[in-house]
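Where a number appears in this text, it was derived from the coordinates with a stated rule and is not lab data. Just so it is clear, the model here is predicted, and its values are computed rather than measured. We place every Cβ from the backbone using ideal geometry, glycine too, and count neighbours over all the protein chains shown.
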Amino acid sequence: MHPSAVLHDTGWGHPEHQGRLRAIASALKEDLVALHGRVEQVAPEVASVEDVALVHDAALIESVREVVDQAREFGQPVAIDADTRVSGASWEAALGTVGAGLEAVHGVVAGRYRNAFVAARPPGHHATPGRAMGFCLFNNIAIAAASLRARGEAERVLIVDWDVHHGNGTQDAFYEDADVFFLSLHQYPHYPGTGAANETGRRKGEGFTLNVPLSPRTPRPDYLRVFRMALETAVARCEPDFILVSSGFDVLAGDPLGGQLLEPGDLHETTLMVMEAAEDCCGGRVVVFLEGGYDPQRTGAGCVAVIRALAGVAMDV
Ligand SMILES: [Zn+2]
């Protein structure tokens, strides 16, 4: 996590608020005994505009910078659209969070970390190359995937997205790209409206997007079974050198913006499935990015479950 991520202020009553990262930090602190000696907290460098431009248009980057300048001038959050707001601290937070993702993936390639969890805020998976939306400014995970490719550190990347909402921004970024496979399980129909099963990629990218739309309240065993099958299909088709995960904790039961039934232990299991696949195909290289999750306590418990899996700690210790 970049320290500025917590300063991004979306204003009073906004679901994607500053307390989310505090709830995660306090849940992890309570779990210190189990995680002790197995987890290292890293404060990364901010990313450059050139890094962000690996995915985003210059016009979008400039418009985010301008609206953040306005918010700084007014001394209060400014809306980009009905859902997405920025404060004077959001530019630093957005570049810091992109930087956290880059440090994670390049650190794993360099052997500094075995795997990593990025406490990303603002989140990223709704941000398309040309548009900030759905609480997201820059697409942290897409930039990380593009950077792995640009540096020649991975030929093919698999992005697995289990946020309850469809990751339309990530899909758009790689829709015509055969080297980044996008797998998304999401509630459907639901925000942002995309993610039908017949959205499978275009041109060279045809067959390299796999959308798995799910009904509200999908039973947990069904979810896990479908997840395993979809992951196997994606891994076989992509043969990735690196696996990235967009982990939205709004897929947990009780989330105010969700409608699914998963428990933190289920995300421990999905994380283990991803790690197992990564062990078989790419030396265990996995980085998990925080996306949504709007019940702070449940999001904290979900993060503990995912980080325990990444750290090789069972759920019941
Ligand atoms: Zn979401």
I want to check the label-to-label distance for S63 and R151. Put each point 7 Å from Cα in the C-beta direction and report it in nm to one decimal. 3.0 nm
Taking the Cα centre of region 154-295 as origin and charging only Cβ (+1 Lys, Arg; -1 Asp, Glu), how large is the dipole, in debye to the nearest 20? 320 debye
Gap separating the Cα centres of region 83-128 and region 199-265, nearest whole Å: 21 Å
Residue-span extension gain [H36 to A110] - 0.36 nm each, minus C-alpha spacing: 24.3 nm
Where both residues lie in region 3-310, what percent of DSSP beta bridges are antiparallel, nearest 5? 15 percent
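Express the Stokes-Einstein translational diffusion coefficient of the chain in µm² s⁻¹, to the nearest whole number, given a Kirkwood radius over alpha-carbon pairs, 37 °C and a viscosity of 0.692 mPa s.
173 µm²/s
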Sequence of D83, D255 once ranked by neighbouring C-beta atoms within 10 Å, starting from the fewest: D83, D255
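Taking region 158-223, which trypsin sites (Lys or Arg not before Pro) meet the DSSP loop condition and have no more than 14 other C-beta atoms within 10 Å?
Values: sites: R202, R203, K204, R217; in loops: R202, R217.
Those satisfying the criteria are R202, R217.
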So, with points 7 Å from each Cα along the Cβ direction, the V226-Q297 label distance in nm works out to 2.9 nm
Checking region 114-157 for trypsin sites (Lys or Arg not before Pro) in a loop per DSSP with at most 14 other beta-carbon atoms within 10 Å yields R151
Could you check the spin-label model distance between S215 and A25? Points 7 Å from the Cα along Cα→Cβ, value in nm. 4.3 nm
Whole-Å distance, taken between Cα centres, linking region 1-48 and region 143-181: 24 Å
